[in-house]
Structures are given as C-alpha cells and as structure tokens.
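S.K.: This is the structure I want to talk about, given as structure tokens.
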Amino acid sequence: MVVRADELPDDAKQVEPITVGEKAPNPFLRMVDGNEVSLDAVRGDDPTIVVFYRGGWCPYCNRHLSELQTLKDEIKELGWKMVALSPDNPEHLQMTVKEQDLSYTLLSDSEMKAAKAFGVAFQVDGPTVERLEGFGIDLEKASGQSHRQLPVPAVFLVNSEGVVTFVFMDPNYKKRLSSDVLLKKLSI
C-alpha cells in the first residue's frame, strides 16, 4: 500500500491502522549500519512484536523502549522477537541503542514507508513543529527528510505467517502498551 504525503491525516486521532487478520506489510527499512533490509527479512519465520515510536528525542518513547528491554528474556522464552521502528535516521538510531542499552533491533523508517503501510503515519502540523523546535527537537535533522511526519506510537503482533494478531495504538503519545498486557497477549 502506498500513501502519498498529502493523503496523510494531520491529526494523530485520524490515523487508521491495519487490523487484526491483515497481512503485515513488508517495507524496506534501514538498519543501524545504514544497510537496507525488508521487514520480512528481519522477522524471518518468527512471530514478531513490531513497535512504532516517534524517535530517540521522545522521553515517552525512550521510557517505553527501556521497559521493553527489561522484557527481552521473557519475550524470547515465549518464542517472539522484537523490532522497533522510528523515523530516526540510522545515525540517530545508533545513539538511541547506545543511550538506552538496547539489545533488540531498531530500524530506520525515515521515509515513513512502514508507518504509512501500517496506517499509523500522520503529518505534523506547523504549530506542533514549532513547539518541538522550541524544545530543541528538529524532526528534519532526526530523520534526514523534510516530510515532517511521525508515527502514532503503536505495537503490532505479527505471527509466524506474517498476519497481524493484535494491535495497540493510542493517538495520545503518552499512553503506551503496558508490559503486563503485552506479555499476556504473547502468551495466548
């Protein structure tokens, strides 16, 4: 599925994520080293937790990424792998991995292909861009792109056949899927 930037909603409350039962998209993304890889190649035949986050500049995202890191052993024991995608370019991903001491895969969706395909991308409006810039956050510098788009933070569970089995998404970027709920869903 290809979505043009002018078709993106300009409000996080208007995004329409793919739903349970749909095949997960297979966009090409960039790894921390800058090499391209498809999401399916990263997933392999493993059931996978696909996490969308706004970027390493977001304290709520960093808190969530760190919380997910504490679950890595339980996630692995349950037979799942995890990948986290953001609009950050590979250089910014490297900083996030180092600062958060993450051992799971981070992928750059700087062109927002995955966020659009999963239906969680939105266009950031001018006042929000200005507010972020007031905090020293430059979306264009972080992504290396001029699109000023972000994903709504979301978690998709994708089974070994590549089908979405669970979706959590909240347009309020402060609300994230709790560890308890995630582990419960992985155990089903």
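A short reminder: the numbers here are calculations on the coordinates, not readings from a lab. All figures in this text were calculated on a predicted structure; none of them were measured in a lab. Note that each Cβ is placed from the backbone with ideal geometry, even for glycine, and that neighbours are counted across all protein chains shown.
S.K.: Would you check which residues across segment 28-59 are assigned to a helix (DSSP H, G or I) and under 13 Å from the mean Cα position of the chain (by Cα) and list them?
M.R.: Within segment 28-59, just Leu39 meets the criteria.
S.K.: Still on this structure, I have one more. Out of all the residues in segment 77-88, which are surrounded by 14 or more Cβ atoms within 10 Å (Cβ to Cβ) and not hydrophobic (A, V, I, L, M, F, W, C)?
M.R.: Lys81, Ser86, Pro87, Asp88
S.K.: When you scan segment 47-54, do you find a residue that is among the polar types (S, T, N, Q) and within 19 Å of Met169 (Cα to Cα), even just one?
M.R.: Yes, segment 47-54 has at least one match.
S.K.: Any idea which residue in segment 32-75 is nearest to Phe156 (Cα to Cα), counting only those that are small (Gly, Ala, Ser), in contact with a helix residue (DSSP H, G or I) (Cβ under 8 Å, 6 or more places away or on another chain) and loosely packed, with under 14 Cβ neighbours inside 10 Å?
M.R.: Filtering segment 32-75 for residues that are small (Gly, Ala, Ser), in contact with a helix residue (DSSP H, G or I) (Cβ under 8 Å, 6 or more places away or on another chain) and loosely packed, with under 14 Cβ neighbours inside 10 Å, the one nearest to Phe156 (Cα to Cα) comes out as Ser66.
S.K.: Within segment 89-188, considering only helices (runs of 4 or more DSSP H) that don't extend past its boundaries, which have at least 1 residues that are surrounded by fewer than 21 Cβ atoms within 10 Å (Cβ to Cβ) and among the hydroxyl-bearing types (Ser, Thr, Tyr)?
M.R.: Those helices (runs of 4 or more DSSP H) span 126-134, 179-187.
S.K.: Still on this structure: Restricting attention to segment 94-130, which residues are closer than 24 Å to Glu74 by Cα and not polar (S, T, N, Q)?
M.R.: Within segment 94-130, Val97, Lys98, Glu99, Asp101, Leu102, Tyr104, Leu106, Leu107 qualify.
S.K.: I would also like to ask the following. Can you pull out the residues in segment 130-171 that are polar (S, T, N, Q) and either without any contact (Cβ under 8 Å) to a residue 40 or more places away in the chain or more than 20 Å from Tyr60 (Cα to Cα) (or both)?
M.R.: Answer for segment 130-171, where residues must be polar (S, T, N, Q) and either without any contact (Cβ under 8 Å) to a residue 40 or more places away in the chain or more than 20 Å from Tyr60 (Cα to Cα) (or both): Gln145, Ser146, Asn159, Ser160, Thr165.
S.K.: Scanning for something over 15 Å from Leu106 (Cβ atoms), out of contact with any Pro (no Cβ under 7 Å at 6 or more places or on another chain) and in contact (Cβ under 8 Å) with a residue 40 or more places away in the chain, does segment 36-45 turn up at least one residue?
M.R.: Yes: one or more hits.
S.K.: Any residue at all in segment 3-13 that's touching a helix residue (DSSP H, G or I) at 6+ places or on another chain (Cβ under 9 Å) and under 18 Å from Asn172 (Cα atoms)?
M.R.: The answer is yes, given that some residue of segment 3-13 is touching a helix residue (DSSP H, G or I) at 6+ places or on another chain (Cβ under 9 Å) and under 18 Å from Asn172 (Cα atoms).
S.K.: Could I ask something else about it? Yes or no: segment 97-105 includes at least one residue that is touching a Phe, Trp or Tyr at 6+ places or on another chain (Cβ under 8 Å) and either within 21 Å of Pro27 (Cα to Cα) or of a type in the set (Lys, Arg) (or both).
M.R.: no
S.K.: Separate question: With the condition kept exactly as written, say whether any residue in segment 33-56 is closer than 29 Å to Asp125 by Cβ and touching a Leu at 6+ places or on another chain (Cβ under 6 Å).
M.R.: yes
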